[in-house]
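For reference, the structure discussed in these notes is given below.
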């Protein structure tokens, strides 16, 4: 069974730009969660989608948004990028409320 | 407030020197406690899920245990390939969000 895939793996943007990250969950998994990981803050929850609906949201500004498609693939968008948005963005998929499996992440660098 | 604290932040062991990592948690109703391993530049790799106090799970040199307030990840006779950051997370009964600790960075010296 293929694991969680994330694209792109690496991204360099400049302040003020926007970015879209993609996540394809494990086949059959309907829940997709997004996390931001930085050395200082560790893993922080962004939001979770289940069956195309946002089910949970963390404490991030409205510049961070997401969506999920009918095939369970999910995208995350960050608008008006700031230097502090540089991080590893991780996606995790699960079957309902069971164990979550993470993708390799997208490394975003904002210059 | 739901939160997770891991200790120590970093641990250096000689190959074969067994030890334990700690994960203390406060959560309003535990749905599950999860252990992950993360190698540099990679996503976390799922290790274990524990659901109730007294539960134990094993995988190779790793054994996870759970009490009402904390979990331990015991590493028996570690090898250099066990070097990684070990993350603990909890999921509460209310909501579906994971709360992660900041991890323990383990280095096993040959």
Rounded to whole angstroms and listed largest first, the alpha-carbon spread of chain B along its three principal axes comes to 44, 30, 20
Here the convex hull volume per residue of chain A, taken over Cα atoms and given in Å³, is 92 Å³
Whole-number value, in Å³ per residue, for the convex hull of the alpha carbons of the protein assembly as shown is 121 Å³
So for R0 = 41 Å, FRET eff. of residue A:15-residue B:94 from the Cβ-Cβ r, to 0.05, ends up at 0.65
Expressed as a whole number, the average count of other chain Cβ atoms within 10 Å around the Cβ atoms of A:42-49 is 4
A chain fully extended from residue A:69 to residue A:109 at 0.36 nm per residue, minus the present Cα-Cα distance, gains in nm 11.8 nm
FRET efficiency (residue B:45, residue B:79; Cβ distance; R0 25 Å; to 0.05) is 0.95
Within region B:14-110, the percent of DSSP beta bridges that are antiparallel, given to the nearest 5, stands at 95 percent
Output field shielding_mean for B:98-104 (other chain Cβ, 10 Å radius) holds 4
Once normalised by the length of region A:69-108, the mean sequence separation of its alpha carbon contacts under 8 Å that are 6 or more apart gives a contact order in percent of 36 percent
Largest fluctuation, A:90, A:43, A:21 only, Gaussian network model of chain A with Cα springs under 10 angstrom, belongs to A:43
Averaged over residues of B:35-44, the number of beta carbons from other chains lying within 10 Å of each residue's Cβ is 5
A correct Kirkwood calculation over the Cα atoms of region B:1-55 returns a hydrodynamic radius in Å of 13.5 Å
Semi-axes (Å, rounded, descending) of the ellipsoid equivalent to region B:48-110 per its C-alpha gyration tensor are 24, 15, 8
Reduced to Cα centres, the span from region A:77-111 to region B:1-74 in Å works out to 22 Å
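Values quoted throughout were computed directly from the atomic coordinates according to the rules given, and no laboratory measurement underlies them. Everything numeric in this text was worked out from a predicted model, so none of it was measured. Neighbour counts are summed over all protein chains in view; Cβ atoms, including those assigned to glycine, are modelled from backbone coordinates with ideal geometry.
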